[in-house]
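The values are calculated or read from the model by the stated rules, or taken from the named source; none is laboratory data. Everything numeric in this text was worked out from a predicted model, so none of it was measured. A quick note on method: Cβ atoms are made from the backbone with ideal geometry, for glycine too, and the neighbour counts reach across all protein chains shown.
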Amino acid sequence: MKPMLNDESFIKAYDSHADAIFRYFYYRVSSREQAKDLSQETFIRTWQYLVDGKQILNIRAFLYQVARNLMVDFSRKKTTESLEVLQEKGFDPGADTRKQLHTAIDANAALTVLNQLDEKYREVVLMRFVDGLSPKEIAKMVEENENVVSVRIHRGLKQMRALLEKNT
Amino acid sequence: MSRSIRKFIKNIFRAQLTDEEHLTMRGALQIFMREHPLQSPVHDTEKTSGFSGFLLLVRRPLFVMVALVLMVLVGTSTVTYAAESALPGDLLYPIKVNVNESLRAAVAISPKAKAEWNITRVERRLQEAETLIDEGKLDTDNSLALTERFGDHSDELRTAIENFQSNDDIAAASQIAADFQATLNAHNKIIARLHHDSDDESILNLTDSLEAQSETGDDVESTIVAHVAAQSDENAELSVSNKRQVAKDKLQEVQAHFKRAQPGLDAITSAQVGAELEQASSLVLQGDSSSGTPSLSDSFTSFQKAHRAAQEAQLLIKSGTQLKKRVRTTDKIKRVENANSSIRIDAKTEQKSTSTDQEKRNTNEIKLKIDTRNDSKIDL
């Protein structure tokens, strides 16, 4: 029997995916507060979709699709600029690693290299390894075939390796 | 190196909401939900799998007409047999992948049997790619089409492995994961032998896909090892013990197979197989090593890699004997006339095998003539 989406299960979905959706926005917008606002809007819009009587095939995928649409609406700025702004403001990799200096240095190296990647590779690498989306989920969101996405991720990582080796 | 890059990125980008932020947002969301209640319970539906490939088939009218005509007038078994040697771009190829393979998937009853069939499907796609490379017919279109299908089978495999893990069936999860990785690695080596032009776009699509899937497979194997590490000591010991036995049995089996098959293999294949078997042996020793007292998860990892290496060796042996044969299938569509008058399709399958001493030629001709004009005379 398929699980029903009711209040309880929706809140469970929130508990499961809130951090991931927050991360999705955090590395794309320049402000923690904006990332939180957009995250909340994502869940509200998703709930509204259900209130309107529509069906959701897969809640996780749907949340990411809503997030992606919100991101497009919110800003036409490219990821490069957001990552550059993050660098300028002082990158905050995460609550549990803030105090680790080597992580801050690594994070800056990672951002530098990510900024240098081709746009089409950068986006899928972020979605795969920061947002934790599968190639299949990414493919639906970027409207490409899944294998194309897998290959882009692979080539993006190859480029990153080459750039990191060049920079060291 | 690719694994460390992925870990590197994952470890750097780990921002999350604080507990307070999480609860605040949750509270606001709950208020909104109370103010905008659902009208009636909504089902979280998921697409059912099963015969979706077959359903896709029946939505293609022209193809359905041809396939149904063939099957009804000629006999399903003849058409499905002829389809087995079809390659991407051939008329019967959709029957091979959407009908034959769907039917065989339906026959596989247990989840493990279904997963093993999916590995076979991955292999079939890769063998088709290798045949196309051999015949100089691999192009960007068919390489993308092949890798798309291969990606679908790989996805199903990953889902199956996740399900096995959810059910705590580590034995099945690890076996399927090892067999899958071995298939990818073995065929990557074979393709490298068949084609040396690394700039060819169609080959790059294929090899990049294989490597991408292999990297994802590494992640999957890591989650299996993590699962073992999280088990109770008793269950973890059982998982390791089972894995050890599977790895040793596999190694013995393939060593015996290699001994029999080696005279018929070329030098490169022989060297590759030897290297994999040597690696498998040393990994088994490593897993068993009492010096340094490896953790259970380290031992499991060693046995898993040993299993994978032995399986890869077996696949290389199998392909080594087939590399000596060239299978050529030529489908000739003579004429498709007016659909109301007649459809005549000639299919000719030619099989040629070569040996090092002499060339043997076996020709099987299957001629299908379907004349729907007058009295539906069929000559077989």
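Among the residues in the range B:261-268, are any assigned to a helix (DSSP H, G or I), touching a residue at least 40 places away in the same chain (Cβ under 8 Å) and surrounded by 20 or more Cβ atoms within 10 Å (Cβ to Cβ)? Don't jump to the end; show me each part of the working.
Of the range B:261-268, the ones assigned to a helix (DSSP H, G or I) are B:261-264, B:267-268.
Those left that are additionally touching a residue at least 40 places away in the same chain (Cβ under 8 Å): B:261, B:264, B:268.
Pick out the ones that are also surrounded by 20 or more Cβ atoms within 10 Å (Cβ to Cβ) and you get none.
No: the range B:261-268 contains no residue that is assigned to a helix (DSSP H, G or I), touching a residue at least 40 places away in the same chain (Cβ under 8 Å) and surrounded by 20 or more Cβ atoms within 10 Å (Cβ to Cβ).
Is it fair to say B:Phe164 is within 16 Å of the chain's Cα centre (by Cα), among the aromatic types (Phe, Trp, Tyr) and in a helix (DSSP H, G or I)? Spell out the reasoning first.
Working: within 16 Å of the chain's Cα centre (by Cα): no; among the aromatic types (Phe, Trp, Tyr): yes; in a helix (DSSP H, G or I): yes.
So B:Phe164 fails the test.
Can you pull out every residue in the range A:108-121 that is buried (at least 21 other Cβ atoms within 10 Å of the Cβ) and under 17 Å from B:Arg14 (Cα atoms)?
The answer is A:Ala110, A:Leu114.
How many of the residues making up the range A:13-35 are under 10 Å from the mean Cα position of the chain (by Cα), facing another protein chain (nearest Cβ under 7 Å) and part of a helix (DSSP H, G or I)? Step through it out loud before you land on a result.
Kept after step one, since they are under 10 Å from the mean Cα position of the chain (by Cα), are these residues of the range A:13-35: A:20-28.
Filter once more, so that each one left must be facing another protein chain (nearest Cβ under 7 Å): A:22-23, A:26-27.
Narrowing further to those that are part of a helix (DSSP H, G or I): A:22-23, A:26.
Total meeting the criteria: 3.
Determine, yes or no, whether B:Asp179 is under 30 Å from B:Glu234 (Cβ atoms) and not in a helix (DSSP H, G or I). Break it down into steps so the answer makes sense when it comes.
Working: under 30 Å from B:Glu234 (Cβ atoms): yes; not in a helix (DSSP H, G or I): no.
The answer is no for B:Asp179.
Filtering the range A:24-41 down to residues that are at pLDDT below 85 and more than 14 Å from B:Glu21 (Cβ to Cβ), which residue is surrounded by the fewest Cβ atoms within 10 Å (Cβ to Cβ)?
My answer is A:Ser30.
Restricting attention to the range B:230-256, and to residues there that are of a type in the set (Gly, Ala, Ser) and over 24 Å from the mean Cα position of the chain (by Cα), which single residue is nearest to B:Gly287 (Cα to Cα)?
Step one: list which residues in the range B:230-256 are of a type in the set (Gly, Ala, Ser), which gives B:230, B:232, B:236, B:239, B:241, B:247, B:256.
Now restrict to residues that are over 24 Å from the mean Cα position of the chain (by Cα): B:230, B:232, B:236, B:239, B:241, B:256.
On the way: B:Ala230: 19, B:Ser232: 19, B:Ala236: 14, B:Ser239: 13, B:Ser241: 10, B:Ala256: 22 Å.
So, considering only residues that are of a type in the set (Gly, Ala, Ser) and over 24 Å from the mean Cα position of the chain (by Cα), the one nearest to B:Gly287 (Cα to Cα) is B:Ser241.
Tell me which of these A:Val51 doesn't satisfy, since it passes every other one: (1) under 18 Å from B:Met25 (Cα atoms); (2) at pLDDT 90 or above.
Of (1) under 18 Å from B:Met25 (Cα atoms); (2) at pLDDT 90 or above, only one is false for A:Val51: (1).
Test B:Ser295 against the stated conditions and say whether it is farther than 30 Å from B:Leu132 by Cβ, without any contact (Cβ under 8 Å) to a residue 12 or more places away in the chain and of a type in the set (Ser, Thr, Tyr).
no
Would you check if B:Ala186 is modelled with pLDDT of 90 or more and either assigned to a helix (DSSP H, G or I) or surrounded by fewer than 14 Cβ atoms within 10 Å (Cβ to Cβ) (or both)?
Details: modelled with pLDDT of 90 or more: yes; either assigned to a helix (DSSP H, G or I) or surrounded by fewer than 14 Cβ atoms within 10 Å (Cβ to Cβ) (or both): yes.
In short, yes.
What is the number of the single condition among (1) surrounded by 18 or more Cβ atoms within 10 Å (Cβ to Cβ); (2) facing chain B (nearest Cβ under 9 Å); (3) free of Cβ contacts under 8 Å to residues at least 60 places away in the same chain that A:Val130 does not meet?
The number of the failed condition is (3).
Please work out if B:Ala171 is surrounded by fewer than 18 Cβ atoms within 10 Å (Cβ to Cβ), within 24 Å of B:Ala280 (Cβ to Cβ), out of contact with any strand residue (DSSP E or B) (no Cβ under 7 Å at 6 or more places or on another chain) and touching a residue at least 12 places away in the same chain (Cβ under 8 Å). Give the steps one after another, and end with the answer.
Working: surrounded by fewer than 18 Cβ atoms within 10 Å (Cβ to Cβ): yes; within 24 Å of B:Ala280 (Cβ to Cβ): yes; out of contact with any strand residue (DSSP E or B) (no Cβ under 7 Å at 6 or more places or on another chain): yes; touching a residue at least 12 places away in the same chain (Cβ under 8 Å): yes.
The answer is yes for B:Ala171.
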